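Beneath this line is the structure, given in structure tokens, with notes to follow.
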Amino acid sequence: MEEKTAKKTDKAEFPEEVFPYITKTWHWRRLVVCYGAASVIVASWTSYSPVRPYWDALDKAAFLLLNGSVAEAGWWQSVMAFTNTRVFDALSGALLVVILLLYAFFGRKGTLAWRGAGIAFLGIFLVLSVFLRRKLGIGEFDRASPSLDLEPFFNMHGVLGDLWVKTESGSCFPSDHANASFLFIPLLWALAGRKWGLAALALAPVLVAPRLFGGAHWITDILVGGTAFALLVASWALCTPLFYWGMRVLHVPAVWGLDLLSSLRDKIFRKNTNSI
């Protein structure tokens, strides 16, 4: 009896050796550094900054180059139009979920329950951070997208028939796609390790670039807005015990859920075996 109790206790203990980047303690210096870096990045983009003209020049050059590349009809134009649709947005979100599920079921370190608790916290934190920010209007700027401000502009409306293509925005800073992608990278890296983090990093351009081709975002909406947002928000998960306690809390329902699935599987398997 004592051995069983000891085993259960061991399983409930947070495996620090498996998740070395998930901290139990507050790291104030790192938190301050992240907030300081985010403040410098945003300050360099403000209208009072001597660096702002260089950001503006980059914005204009990137827009003319990328949007100009879709001016001629062909496969490239069709592909870029499709990547600016809600269908592609849904597929992108599904791809992030698939990556998390692949890590949960095929990750080599830790138990399935702990990995499941980790991705559950990551998903909840990501959704609340990105979509709650948008709903509450935190950090919103009334900045018109380049499609509404610059010429020449090629509008991809109609390229895919009746399928809606996003090409403009009245409040494009910061980019929600960049916020989600840039936040996903450090969180997954900290949870799952370098290989999974690099996979998220490789996926990021696919998620954030389409709006640049369509004209709905300036490149600084991504480089400045997305980076600053990731520094401000990810630091709370990685420089404080928030991620740790989130996993501890979610580990309990994860174990219950897996036990329930295991018992259902056993009952179904036994029933099928008996019928044979």
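With the charge dipole of the chain set up from +1 on Lys and Arg Cβ and -1 on Asp and Glu Cβ about the Cα centre, the Cα lying farthest toward the positive end among the listed residues 97, 136, 153 is that of 97. For residue 173, the residues 5 or more places off, or on other chains, whose built amide H falls under 5 Å of its own are 141, 143.
With the contact rule set at Cα under 8 Å and sequence spacing of 6 or more, what percent relative contact order holds for the chain?
On the way: 324 pairs, mean separation 86.6, N = 276.
Reported relative contact order: 31 percent.
Counting other C-beta atoms within 10 Å, which of 211, 134, 248 has the fewest, and how do the rest follow? Ascending Cβ contact count within 10 Å gives the list 134, 248, 211.
Counting only Cβ charges, +1 for Lys and Arg and -1 for Asp and Glu, the dipole size of the stretch 27-275 around its Cα centre is about 1460 debye. Using the average count of surrounding beta-carbon atoms within 10 Å as a protection proxy, the listed peptides 74-82, 199-207 rank, highest first, as 199-207, 74-82.
For the peptides 109-119, 156-166, the ranking by packing is 109-119, 156-166, with the highest mean count of neighbouring Cβ atoms within 10 Å listed first. Taking all Cα-Cα distances within the chain, those exceeding 31 Å account for 39%. Using r as the Cβ-Cβ distance of residue 31 and residue 134, and R0 as 25 Å, what FRET efficiency do you calculate, to the nearest 0.05? That gives a FRET efficiency of 0.55.
Bear in mind that the values in this text are calculations on the coordinates, not laboratory data. None of these values were measured; they are calculated from a predicted model. Backbone-built Cβ (ideal geometry, glycine too); neighbour counts: all protein chains shown.
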